[in-house]
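Nothing in this text is a laboratory measurement; each read-out follows from the coordinates by a stated rule. Keep in mind the model is a prediction, meaning the values are calculated, not measured. Here the Cβ positions follow ideal geometry from the backbone for every residue, glycine too, while neighbour counts run over all protein chains shown.
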Amino acid sequence: MPLVLTTPPAVEPVLLSEAKAHLRVAHGDDDAFIAKLIVAARRAIEQRTGLRLISQNWSLFLDCWPDKTALSLVVSPVSEIVDVITFGEDDTPSTYDPAHYYLDQVTRPARIVLRNGRSPPRGNRPVNAVEIRFIAGFGASEALVPQDLKQAVLLTVAHWIDRRGEGEGGNLPLSALELLESHRIVRIV
């Protein structure tokens, strides 16, 4: 089940000016470096939580639909299923009727669910026969990102700036991890 980012976020969850104010940096000498750290912090937090902070387009590829009516989309929040595409043996794409499924936005991660009695989408290729295109993220603006997640980005950027050149890697600071704890998915098996 490859998950492929098709359109990255257009903005970051924290503005450069917000990060500079948090860091108490008034000059522009490190602007490019701080901007790169914001991107890296967002990605690290998204990886850790399974959340996508800013709207971004994704494609999930399946060899075949599983033997169940609901399929996890791996990331959250999902705002829209754009298309479900099946591919013929000759790679010809075909759009699966949107009336046959709906988006379960309550479950995390979000799921695409087949309506009662509907046949699952089937392609004729042996691999990547079905593509689910969707949009994930809290919204297209940094103003829509929950404040605790924005604060985790700021704390991570500050932590990395403070340890610049130490070579300890891009670990998330404990203060950011504590903020992310409420967003962690707990699975009971």
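The fewest-to-most ranking of Leu5, Leu174, Leu149 by surrounding Cβ atoms within 10 Å reads Leu174, Leu5, Leu149.
Please rank Tyr102, Tyr96, fewest neighbouring Cβ atoms within 10 Å first, as an exposure proxy. List each step's numbers first, then the result.
Details: Tyr102 13, Tyr96 21.
Fewest-to-most Cβ neighbours within 10 Å comes out as Tyr102, Tyr96.
Residue separation of Glu89 and Arg122 scaled by 0.36 nm, minus their Cα-Cα distance, works out to 10.8 nm of gained length. From least to most packed, judged by other beta carbons within 10 angstrom and beginning with the fewest, Val84, Val153, Val11 follow the order Val11, Val84, Val153.
Projecting the Cα atoms of Ile132, Thr92, Ile161 onto the charge dipole of the range 77-174, computed from C-beta unit charges around the Cα centre, puts Ile132 farthest toward the positive end. Straight-line reach from Lys150: taking Cα to Cα under 28 Å and skipping same-chain neighbours fewer than 8 places apart, the lysines in range are Lys20, Lys36.
Per the Kirkwood formula applied to alpha carbons, the range 1-146 shows a radius of gyration over Rh ratio, Rg over Rh, of 1.10. A Förster distance of 22 Å, applied to the separation of the beta-carbon atoms of Ala10 and Asp148, puts the FRET efficiency at 0.45.
List the residues of the range 50-71 whose backbone N lies under 14 Å from a point placed 7 Å from the Cα of Ser141 along the Cα-to-Cβ direction. Counting only backbone N, you get 55. In this simple spin-label model, placing a label point 7 Å from the Cα along the Cα-to-Cβ direction at both Phe33 and Val82 gives a separation of 3.6 nm. The alpha carbon centroids of the range 73-151 and the range 1-22 are separated by 21 Å. Using a simple spin-label model with pseudo-atoms 7 Å out from Cα toward Cβ, Arg24 and Thr69 lie 5.8 nm apart.
Add -39500 (n - 2.57) for each DSSP H run of 4 or more in the chain, then divide by its residues: what number comes out at 222 nm, to the nearest 500 deg cm²/dmol? Intermediate values should be presented prior to the final figure.
On the way: 4 runs with 50 residues, N = 189.
Computed ellipticity for the chain at 222 nm equals -8500 deg cm²/dmol.
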